[in-house]
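The next block holds one structure in the form of structure tokens; read it before the comments.
The values are calculated or read from the model by the stated rules, or taken from the named source; none is laboratory data. All figures in this text were calculated on a predicted structure; none of them were measured in a lab. Cβ atoms come from the backbone with ideal geometry, glycine included; neighbour counts cover every protein chain shown. Just so you know, the surface numbers come from the protein's heavy atoms only, side chains and all, with ligands and any DNA or RNA stripped out. Shrake-Rupley method; radii C 1.70, N 1.55, O 1.52, S 1.80 Å.
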Amino acid sequence: MFDKLYYQDKGLFLQSFHPAAVLAYLFVLLLLSLLYDNPLYLLSLLLLLALLIRGVDGFEAWEGFLKAGVFLMLVVMAVNPLVIRAGATIIWHGPDVPFLGRLDISMEAMYFGAVSGLRLLVIMSVFCLYNLMVNPDNVLNLFSRAAGKSVLMVALATRMFPTMVRDLKRIKEVMQFRGVDFEEGSMWERVKKYSCLYNVMLLSSLEDSMEIAESMQARAYGSGRRSVYSRNQPRPRDYLSMGASLLALFAAAWGLHNGCGRYAFYPVADALVSDIPTLAALFVVLFYLFVPLILSEGCKYCRFIKSKI
Amino acid sequence: MPLYKVENLTYYYPEAEKAALKDITLIIEEGEFILVAGGSGSGKSSLARALAGLIPDFYGGRVGGKVYFQGQDIRTMDRGKLAREVGMVFQDPEKQIVQTHVEAEIAFGLENLGLDNEEMQRRVAEVVCFMDLKQIRGAFTANLSGGQKQKLALASVLAMQPRVLVLDEPTSQLDPVSAEDILNLVKRLNEEMGFTVIMIEQRLDRCYHLADRVLLMEKGRIACDGSAREVARKTSRDGAPFLPPVARFFAGIEAPSLPLTVKEGRKLLRSCIIIERDMVLRPAAGKVGDSPADLAARGSAVCLKNLWFTYTGGQEVLKDVSLDVGEGEFVAVLGENGAGKSTMLRHLTGLLRPDRGTVQVLGKDVGRNGFKEIRRHTAYLSQNPNDYLFQDTVEDELLFTLKNFGLKDTSVVDEMLDRFRLVQYRRTNPRDLSSGERQRVALASVLVTSPGLIILDEPTRGVDFRLKAELGRFLRHETVKGRTVIVVTHDVEFAAEYAARIVMMSSGRVVSDGEKHEVLGKSVFYSPQLGKMCRGICDGVLTFSEARERIYPLLGNGAAADEGQGVMM
Amino acid sequence: MTWTNWGLYITMAGIISVALLMLGMEKKAGLNARQVSLIAMLAAFCAAGRAVTGVALLFMQPTMFLVEITGFVFGARVGFFVGAMPPLISNFFIGQGPWTPWQMISWGLVGMSGAAVRSLFPGAGYRTVTVLCFIWGYLYGAIMDIWQWSVFTSPLTTKSYFLLWAAGFSFDSLRAAGNLLFCAALGSQSIKILRHFHKKMDVRYLENI
């Protein structure tokens, strides 16, 4: 399970963007999911994300992410109605509870809880897409100019992680043959058994770290200023999607300034679509956000586009 | 001007009382291929590190004498400049790779030198092309095989375009195929590209003939220095542990020349042996192995019947494997990487359960009850002795195992320490010991329960000649006592010398199984060097003692008169 | 209703502060090869420790106390890095989530608190660390809840926060118990081991004979 990176390169168009472009795009998506309150807007974002995740062939991974989000979502949906007193439409008059006060559950609070859940799904999906769309190596590479040593440490630790998991499993087997039964005994006894396991590993990994350091030193690490080897080259598609992300952000900011995308739940929930500008703003923002998808589809069906981006 | 000039170099590691290097004086010319041989603890690695500038820069400690590189004192040289000139590859590929991405790893040294991106791109491309790394250039480094990792480590050093390559046992952790790959590359670098190569190796049969010059080290000093043949001649007089088997064999007789390779050996053997037709085809001498009847009389220690196994990933690794090992047998399991050796091992230790088939170990059905049934009677030594060491003292390591099995009798500890020559380390922290001693501690810590079955996974990796012989003799002694030994190894020489029976596996099947002469004698590639040399001339010779016994009498004109004095083992 | 999007601010604060902390810690002084590889190996070890313990231990992990001890022995900077990296690393393999930055901050703080203990109470031993580990079991949950609370609940009151925290109480208790047990079992020995290597890192003497 821990021997492969989560990201798998499938050679898809959406995976071919420059990491900076992807980060900018996903950052805008994340911002919007936090800025927007209107359920319609959030739903459209979710739809867009679903299409993108289909584009990176990631429905299976998405399912995993949504499942992980469900627990969080349930908590959020349960907590909200319990503490919110602002709703006007009371659907259930509860008893008095110490600390919390009177447990009146309102329609609006339920509604808000549901929309919060929706927002959570959007955020989960943004991260799911991030995991599927961009190679973490490339992201690290992007940051190594700013924080070379941190990136190097992260890379080294990431590279050692699968080895360590393997080693731990092997040491566990070795321990079993020396008579340690990890499944037996009280919790305290088990912790002590695992302590032996971790002790071996800790000692070995500290010893290994000295050898790794030696190999780094032999390759002139720390002998002067480091430069950065960069493998990523921006292409027209990256400028296009980067520009589109910025435009989407501006459009959204302008829209929010004029109230498009905001939404009041209390005391009575707003109408979903109150006026034409609300729809228009949504349309404009979505159009810009669709750019990578449009490029992806265009690439599939049109040689000309493919050759130009 | 010589490339290296070492003058009276003496070195102590921090807090060490014994000198690692004693009064070394040495001159190395450009373009030489130098092989450094010697037992563990002889100062080989320290010398290599001193030449690469890591001693004393990285280690600290006390130094006397000077190392000059192209006339300049190495300690006054800028580290970046030195790294551009001298590249070093280490023993363990796991501990040299620092990046997640193959290309980034190759570029690591270049980044440290502060080269610009264009230059780095060019050099990375060059190295990828030269070392044929195209298939893996975008791979995640953690998932490469050991051989690929070592190749990558070499690539990363080569990208810095050094003129000198220092290699510290670069093949000791690799399977034979990958090892050959690395050695061929090194040879090409030396011959075609003029690199100066300084290589430390334990497995001399693979590389002795490649070297122009051999340095034999002993107790921190250079005991012998000269061309490969000169050193072979000089050392052949005293036991010759640091010669390839072919040379060692001929060292015992006053041969007109000293062959270093199988090819030369065969030539010489043909020229001086009196060939008798019936000799050639005669099967192996009678003393090896037991007769079938003898075997049948013993109980069965391990019995695998029609084993099939597929990993959850969908890879079918065992296909109808059957194996019957009697008590007191010494079995070596050979085969390429991914042949299913370790998967089979995990079945007979109960760590995996078969999809189909049965596993019986020491009369108990392991497939059903798992390892719990048999672990008390099974000793398992993994590839890495460090997996065993975490207590404060050596004694505690042994007591730990005893305590876990609820065994009260601790007198066995003394006996074990004595047998493994660890008595003086009783109160020492096992992590302060050398690697050979660590292996002995690990072995002692699993053998305190006096198990009936001893399983070892690659026990000869990175172990020097002497310790290997010691281990082999010990295991053989155990089988005499009725214990069963199963060794999974790539080391054909070890298997041929000490095992009685060989099981060869390939792509999940047992392809050959039988007495060692039967299996190894038939094989061209899975054969020890002496077997290769004697093949077709005097079949059925695998080990040194057999060769001596069978061939010396055949040599005409009394060439073998002094066989007793020069040869050990 | 005034429109203040705390969720947004808190999320941004998380991302930016983790970036700044990493950058600041790195720039403070040069890290040599030994330090870099030691930090990376300890971080990888913590991440692997998180990954390997399973049902037999009720998913209790030996990781947090080790981060704490690393900070205690090696100081704030190493403690921070060793703490902040494991969540990031293991998430490379199981997927990054929105919680990653906050996880990194909390774990990093665990490491730094170890260093704080040492400088505040120079005589402190592993008992003090154990107590701190236990507290961190709950504190960690409390910090992680802030993000969830700010993004998904409205209005932001102590009550709603308390409810969220209560919802995770059982998990937090398990974590705290795990920390306590592991630290009690392994603490003094780990401190000894790390101190041994700490000496190795710094002692570098060159002497000419």
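Some values worked out for this structure:
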| read-out | value |
| --- | --- |
| Per-residue [θ]222 nm for the protein assembly as shown (sum of -39500 (n - 2.57) over DSSP H runs n ≥ 4, rounded to 500) | -17500 deg cm²/dmol |
| Per-selection Rg to Rh, region A:30-177 - Cα, Kirkwood hydrodynamic radius | 1.16 |
| Rounded to 10°, Cα long-axis angle of helix B:394-404 versus longest principal axis of chain B | 40 |
| Surface/4 estimate of mean projected area, convex hull on alpha-carbon atoms of region C:79-171, nm² | 7.1 |
| Beta bridges by DSSP in chain B, antiparallel share as percent, to the nearest 5 | 55 |
| Per-q log10 I(q)/I(0), the protein assembly as shown, q = 0.05, 0.06 Å⁻¹ (Debye; single scatterer per alpha-carbon; no solvent) | -0.39, -0.55 |
| Sum of side-chain charges, A:Met187 neighbourhood, beta-carbon under 15 Å (Lys, Arg +1; Asp, Glu -1) | 0 |
| Area projected by the alpha carbon convex hull of region C:131-187, averaged over all directions, nm² | 3.8 |
| Per-peptide average of other Cβ atoms within 10 Å, ordering B:217-226, B:11-20 highest first | B:217-226, B:11-20 |
| Radius, Kirkwood style, for region B:494-541 when every pair of distinct Cα atoms is counted (Å) | 10.9 |
| Accessible area of chain B belonging to carbon and sulfur atoms, whole % at 1.4 Å probe | 47 |
| Degrees between helix B:117-130 axis and first principal axis of chain B (Cα, 0 to 90, nearest 10) | 40 |
| Unsatisfied cross-links (Cα-Cα over 19 Å) in the set A:Lys172/A:Lys192; B:Lys22/C:Lys199; B:Lys18/B:Lys44; A:Lys192/C:Lys192; B:Lys22/B:Lys44 | B:Lys22/C:Lys199 |
| Region A:1-107 - Rg over Rh from alpha carbon coordinates, Kirkwood radius | 1.13 |
| Solvent-accessible surface ranking, highest first, for B:Leu189, C:Leu109 at 1.4 angstrom | C:Leu109, B:Leu189 |
| Measure of compaction for region B:4-243 (Cα Rg per 2.2 N^0.38 Å) | 1.00 |
| Fraction in percent of alpha-carbon pairs per bin - 5 Å, region B:103-205 | 2, 12, 23, 24, 21, 12, 4, 1, 0 |
| Per-residue mean of C-beta atoms belonging to partner chains within 10 Å, peptide C:177-186 | 4 |
| Kirkwood hydrodynamic radius of chain A, Cα pairs, Å | 23.7 |
| Listed peptides B:496-503, B:202-209 by packing density, highest first (mean Cβ within 10 Å) | B:496-503, B:202-209 |
| Descending semi-axes in whole angstrom, ellipsoid equivalent of region B:292-507, from the Cα gyration tensor | 29, 19, 18 |
| Förster radius 22 Å - calculated FRET efficiency between B:Asn337 and B:Leu407 (Cβ-Cβ, nearest 0.05) | 0.05 |
| Tilt relative to chain A, helix A:187-218 - C-alpha long axis, 0 to 90 degrees, to 10 | 80 |
| Efficiency of FRET between B:Ile27 and A:Leu47 - r from beta-carbon atoms, R0 60 angstrom, step 0.05 | 0.20 |
| Antiparallel bridges, percent of DSSP beta bridges restricted to the protein assembly as shown (to nearest 5) | 55 |
| Average beta-carbon neighbours from other chains, 10 Å sphere, peptide B:138-146 | 5 |
| Estimated distance in nm for a label pair at C:Glu207 and B:Asn143, the labels positioned 7 Å out from Cα along Cα-to-Cβ | 5.1 |
| Enclosed volume per residue, in Å³, of the convex hull spanned by Cα atoms of region A:148-218 | 100 |
| Normalised alpha carbon radius of gyration of region C:1-129 [divisor 2.2 N^0.38 Å] | 1.15 |
| Average other protein chain Cβ within 10 Å of Cβ, residues B:347-356 | 1 |
| Three principal axis lengths of region B:367-459 [C-alpha, angstrom, descending] | 42, 31, 21 |
| Computed Kirkwood radius, in angstrom, where 1/r is averaged over Cα pairs of chain B | 25.7 |
| Where only C-alpha atoms are counted, convex hull volume of region B:46-114 per residue in Å³ | 102 |
| Ordering of A:174-186, C:175-187 by packing [mean C-beta count within 10 Å, highest first] | C:175-187, A:174-186 |
